[in-house]
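Here the structure is laid out as structure tokens; the discussion comes afterwards.
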Amino acid sequence: MSGWENNDELKAALPEVPQSSGGTQIAGAAIEHRDAPIEKWGEKTQNKYDENDQSVKWDGNARVYEWDGETGDLGPEHPELEAQLFGDPAFRDPQGIDFSKITTINVTQEGLQRIQPIKFFNDAGLHPVMLKNVELCGYKTPTPIQRYCIPAIKMGYDLLAIAQTGSGKTAAYLIPIINHLMGKAKKLAAPRPNPNDTDVGIRVRAEPLVVIVVPARELAIQIFNEARKFCYRTMLRPCVVYGGAPMRDQIENLQRGCDVLIGSPGRLIDLMERDHVLTFRRVKYMVIDEADEMLHADWEEEFNKILGGGEQEEGNVKYMLFSATFPTAIRQLAKTHLAENYVRVKVGRIGSTHESIKQDVIYVEPSMKKQALFDLICSLDPARTIIFVNSRRTADELDDFLFNRDLPCTSMHADRTQREREDAIRAFRAGKTPLLITTGVTARGIDVRNVMHVINYDLPSMDHGGRTGRIGHRGVATSFYTDRDEPLAKLLTMTLMETGQAIPEFLEQYKPEDADVSKLKFEYDTDEEDPGEEGGSWGAGGDTGTNGNDGGDDANGWGAPTKSSGDDSGWN
């Protein structure tokens with residue numbers, strides 16, 4: 001319980017307070033005010049940027065597996081790079097994920113085709129090298145979405161998958177796609193220079209076989225890093241393009257050859273307009289990840305250009321849509337671009353799997369929120385902690401507030417430069433700044449190991465889904481509740497009931513009359529056609545708050561899937 005659960009001395013110090021006393025309350029107890037952290041969090045750091053600095057490290061330039069490709073279809077092992085990609089073998093813990101409970105999650109299939117799910121990766125008919133890469137990544141048991149998507153893609157179907165962020169979607173499509181192409185790279189891939197010759201100026205036009213479109217830059221980088229792992233020892237070369245980073249570097253990477261291209265929409269469009277740099281004429285797989293975050297009216301033209309950007313005959317491209325929700329525009333995309341016999345898979349609500357995540361809801365007076373946050377952090381044992389807010393301004397204010405109290409913190413949102421954003425997430429991953437303040441959409445889908453605490457400083461609007469913790473992970477999620485959050489009170493209470501959490505006294509009045517958890521009805525957990533829907537106008541069914549080349553971030557989500565986007569950023 002945010003440090004209290006396993007700290008009897010601290011719990012004894014929390015005096016009982018009446019419900020009407022205001023201040024900060026958790027199930028009737030007040031947070032103890034402290035002037036300094038209990039444990040040493042480490043020294044705070046401040047980045048200083050020089051515009052003329054030529055040594056900037058860009059995540060998109062990370063090393064990928066390359067060899068001359070002249071012998072066989074597989075490259076030799078590369079111990080040094082393998083350690084960089086997968087980590088030191090002595091410290092390789094899968095993901096710390098406990099999947100023992102998620103096998104009970106309800107998965108539904110719709111459409112003409114039915115897929116027989118796999119139970120183990122060994123059942124999927126994967127190439128031995130791909131199985132080895134899966135093992136090196138630490139995956140032992142397929143998640144529900146992987147159990148269905150891997151065989152569906154392997155069988156050659158178009159796919160629409162509805163599942164919350166954190167359910168294993170990235171591996172669900174990367175594994176079968178790369179596995180299918182790895183033995184056909186010489187036949188399908190475009191000619192490329194020998195990597196030993198790139199220093200003498202030999203360049204080619206990028207003609208990817210796979211294009212993966214994502215809403216946020218950080219998510220693009222993360223998927224690129226996963227693709228680097230699954231492409232290890234194959235003949236497939238991954239690249240990533242996104243706004244904010246130098247166009248020159250990204251073009252140079254593309255011109256060395258590109259088979260798997262991950263990108264944000266704006267930068268993809270920029271590069272598609274440079275015919276000598278990029279063409280989609282060889283694309284075999286088009287994946288739209290976190291699709292519901294990109295369905296903004298301003299993006300309709302770009303989105304259609306990307307989806308129809310190839311010169312292939314109809315039916316030669318397999319389309320896959322992955323989304324946390326199923327609004328009108330997603331349905332329209334599926335009707336327009338997916339084959340008639342596409343497979344639709346929906347992974348049920350994963351609230352029940354969050355029993356392993358302790359969720360605390362704390363009542364706070366609005367004027368006391370900053371102090372309450374500081375007191376809460378002071379009560380914690382130092383560990384990676386993500387603090388979610390609803391606006392960029394709040395992120396900046398909290399960053400200054402905590403930094404001026406000598407806490408090692410950093411913040412990330414869409415108004416920061418790309419260099420600042422990459423430095424922030426890199427420092428957080430490394431534990432250099434274990435406190436990360438961020439807006440939910442910017443952090444959409446971000447996967448960071450060993451995050452032990454998520455703090456919802458702001459509870460989001462009713463129109464957005466949840467940010468508590470990734471399935472299978474253990475930790476604590478603490479949410480600050482104010483009187484302004486009353487519209488969320490019923491949904492919040494039901495979510496706590498569903499996951500077997502304690503109901504704070506100030507939420508008792510919102511408990512449904514029928515306390516049978518199995519009969520709880522989540523009004524916003526539906527993907528049925530809305531009455532009176534016509535067509536599929538862009539932006540319908542989801543206030544996604546996107547902005548520019550990647551997601552905007554002034555509205556975010558909590559708890560169960562709602563009418564719009566879900567955000568499960570956090571654990572790992």
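The values are calculated or read from the model by the stated rules, or taken from the named source; none is laboratory data. Computed from a predicted structure; not experimentally measured. Cβ sites come from the backbone with ideal geometry, for glycine too, and all protein chains shown count toward neighbours.
Brief remarks follow.
- Considering only residues in region 78-99 that are part of a loop (DSSP other than H, G, I, E, B) and exposed (fewer than 11 other Cβ atoms within 10 Å of the Cβ), the one that is modelled with the highest pLDDT turns out to be 88.
- Lone unmet requirement of (1) buried (at least 16 other Cβ atoms within 10 Å of the Cβ); (2) outside any loop (DSSP other than H, G, I, E, B); (3) in contact (Cβ under 8 Å) with a residue 40 or more places away in the chain for residue 186: (1)
- Within region 208-247, tally of residues that are among the charged types (D, E, K, R) and not in a helix (DSSP H, G or I): 2
- Considering 287, 317, 343, the condition of being at pLDDT 85 or above, closer than 30 Å to residue 77 by Cβ and out of contact with any Cys (no Cβ under 7 Å at 6 or more places or on another chain) is satisfied by 287 alone.
- Residue in region 145-153 that is part of a loop (DSSP other than H, G, I, E, B), β-branched (Val, Ile, Thr) and free of Cβ contacts under 8 Å to residues at least 60 places away in the same chain present: no
- Taken over region 203-215, the residue count meeting the criterion of being modelled with pLDDT of 90 or more and under 16 Å from residue 190 (Cβ atoms) is 7.
- Unmet requirement for residue 161, which otherwise passes all of (1) assigned to a strand (DSSP E or B); (2) of a type in the set (Gly, Ala, Ser); (3) surrounded by fewer than 19 Cβ atoms within 10 Å (Cβ to Cβ): (3)
- Residue 131 vs. criteria hydrophobic (A, V, I, L, M, F, W, C), closer than 30 Å to residue 80 by Cβ, in a loop (DSSP other than H, G, I, E, B) and modelled with pLDDT of 80 or more: no
- Any pair with Cβ under 6 angstrom, 6 or more apart, that starts in region 479-508 at a residue that is part of a helix (DSSP H, G or I) and ends at one that is at pLDDT 85 or above and aromatic (Phe, Trp, Tyr): 489/510; 490/510; 493/510; 506/363
- All conditions but one from (1) among the polar types (S, T, N, Q); (2) closer than 18 Å to residue 216 by Cα; (3) buried (at least 23 other Cβ atoms within 10 Å of the Cβ) apply to residue 433; the one that does not is (2).
- Selected residue (criterion: farthest from residue 265 (Cα to Cα)) from residues of region 216-244 that are charged (D, E, K, R) and modelled with pLDDT of 90 or more: 233
- Filter result (crowded, with 17+ Cβ neighbours inside 10 Å and within 25 Å of the chain's Cα centre (by Cα)) within region 111-123: 117, 118, 121
- Any strands (runs of 3 or more DSSP E) falling wholly within region 248-340 and containing at least 3 residues that are within 22 Å of residue 153 (Cα to Cα) and in contact with an Asp or Glu (Cβ under 8 Å, 6 or more places away or on another chain): 318-323
- Entry remark, region 383-428: residues being touching a residue at least 12 places away in the same chain (Cβ under 8 Å), assigned to a loop (DSSP other than H, G, I, E, B) and buried (at least 18 other Cβ atoms within 10 Å of the Cβ) number 5 in total.
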